[in-house]
Amino acid sequence: MELEEHYREHGLLLGGRWQAGTAENGQPSINPATQQRLGYLPLATQAQVSEAIDSATHATVAMRKLTPWERSALLRRAATLIRERTPQLARFVALETGKPIAQASGEANASAESIDWFADEARRVFGMSYESRVKGGRYLVHYEPLGVVAAFTPWNFPLLLLARKIGPALAAGNTIVIRPSNEAAGATMALVRCFVDAGFPDGAVNLVIGKADTITPTIMADPRVAKISFTGSVPVGRQIVEMSAKTLKKVTMELGGHAPVIVHRDADIGAFAHLASLGKFRNAGQVCASPTRFYIHESIFDETVKALVERSKALRVGDPLQQNTDLGPLTTARRRDAIERLVDEAVSEGASVLCGGRRPSQFDRGWFYEPTLVANPASHIGLMNDEPFGPVGTLTPFTTMDEVITEANRLPFALAAYVFTRSLRNTLETTERLQAGVVGVNTFVASTAETPFGGSKDSGFGREGGPNAIRDYMDTKFINLELANDEPLDATA
Ligand code: NAD
């Protein structure tokens, strides 16, 4: 009921006005834990998407009038509102996506941290001035906003991944059009509302919700949109990059991963098992940096696997609204079906399921799947090649460093990788040889507000967060300044 009302009061945001959907023209939003309808989402028409871009274009004038300190203060206010509204934001994320509420609260807090970080970055865009080759002249380098940018955000971290796009976009002085995943549209509306209430000019932030094949081509074909940032799957990322060619937009792509974890013979097994059970099954494994392929040195394989399986079996699968739930349902039925297919194939190809491997018997509704660990999978099967994006990890013993590095780097992904060891030699060699944008050593924390996050190969390009992210939302201008001939060089002349 609460989300139904929220959808009715919000909906699309075009030029500062909310336009809600109705049961007649909208599409239902479904709770993945109960399969009950949460309400109706609006479906933006092509004309409404163009209206969003019109509004964003008009609002560039108002945004350009704000000083960096004013933009910073507005962002800071938005971060404060996110913190104040965390209970509501977290509840909407839990209801729409099935993320356990404690994790959803953590996500809201991380989003506020990200916005705070970019509030500071707004004040730290330093240009350059240096001597020119011509006497009396100057070379000036300025950084300017791009104008209108667009963000395509997924359902797995609807708050944080939007924060990482809207933060630098507004900090740099741009306006933005946002297309969230329908699975988390209500949470996105609530986050966007924080920026409206913080006092950004009308039209600085616009939200369009609905069918991707109406919205995305319209945004991609519009030359007024200077940059897009997409987080999602590799196939959709490829389509968007192809579309970007027509209007030559700047593009940031944060796509999937299939993170390897190398557990060396000198690792702290207890600490690894504890962190891995939490890291693997956070958000039911629907995390692009989720650890998936565990390569464990053969000399500690049995002991390590036993410890990890014990920890994983103790995780609580259940109602996302309960504070002590570790795993909720998967966000979509198609994700659960995909996981089932991958695990079934692994078993038919000789792998053994050490825990999970099925839907939990206690629920007769909802897209739940047990935390699952699969040992000794053949390397050609789907699970070892396609991003599972769900609560399943694989366990494989290794013997030598060369062998494990080759196996870890075998896939076309290069987003996150993890290493567990007490040895400095192992740390240096593994972290330097692994192909990944992020490497965690004795930790599964892959991103913070102040550090760059992103990948290469099929995992995409560009970095979000950290000290250089704001520059991706700015153009560089070189001003070659020479004095006019009749201007005296000497002030006393
Ligand atoms: P999907 O390929 O249908 O969609 C992936 C994401 O892209 C969703 O958020 C969706 O809303 C969005 N999307 C789809 N078509 C789009 C379009 N034409 N324009 C703009 N956005 C579009 O897959 P799915 O089943 O929803 O998600 C599962 C897969 O997506 C996973 O295998 C994973 O690789 C990937 N994914 C990655 C991330 C990430 O953080 N990198 C986040 C969510 C999903």
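What the table shows:
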quantity	calculated
Size descriptor, Kirkwood hydrodynamic radius, that averages inverse alpha-carbon separations across the range 259-441, Å	16.4
Distant-in-sequence amide H partners of Gly16 (H built 1.01 Å from N, under 5 Å)	Gly203
Rounded accessible area of Phe152 (nearest 10 Å², 1.4 Å probe)	10
Rounded tilt (10° steps) of 101-122 against the dominant C-alpha axis of the chain	30
Mean ellipticity per residue at 222 nm, deg cm²/dmol - from DSSP H runs of n ≥ 4 across the chain, formula -39500 (n - 2.57)	-12500 deg cm²/dmol
Bins of 5 Å, starting at 0 and running to the largest distance - Cα pair percent for the range 400-493	2, 11, 15, 16, 12, 9, 5, 5, 4, 4, 4, 4, 4, 3, 1, 0
The range 316-397: equivalent-ellipsoid semi-axes (sqrt of 5 x gyration tensor eigenvalues, Cα, Å)	24, 13, 11
Radius of gyration and maximum dimension Dmax of the chain, Cα, Å	24.3, 92
Helix 301-313 vs. the chain, principal-axis angle (Cα, 0 to 90°, nearest 10)	70
With Cα atoms, 0 to 90° folded angle of helix 185-198 axis to the chain main axis	30
Under 24 Å from the Cα of Lys249 - lysines, other chains or at least 8 residues apart	Lys165, Lys211, Lys227, Lys457, Lys477
Probe 1.4 Å, protein heavy atoms only - accessible area per residue of the chain in square angstrom	41
The range 285-347: C-alpha gyration tensor shape, a/c 1.5 cut-off, then a/b vs b/c	oblate
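The values are calculated or read from the model by the stated rules, or taken from the named source; none is laboratory data. In this text, all values refer to a predicted model and were calculated from it rather than measured experimentally. Accessible surface areas use protein heavy atoms only, side chains included; no ligands, DNA or RNA. Shrake-Rupley method; radii C 1.70, N 1.55, O 1.52, S 1.80 Å.
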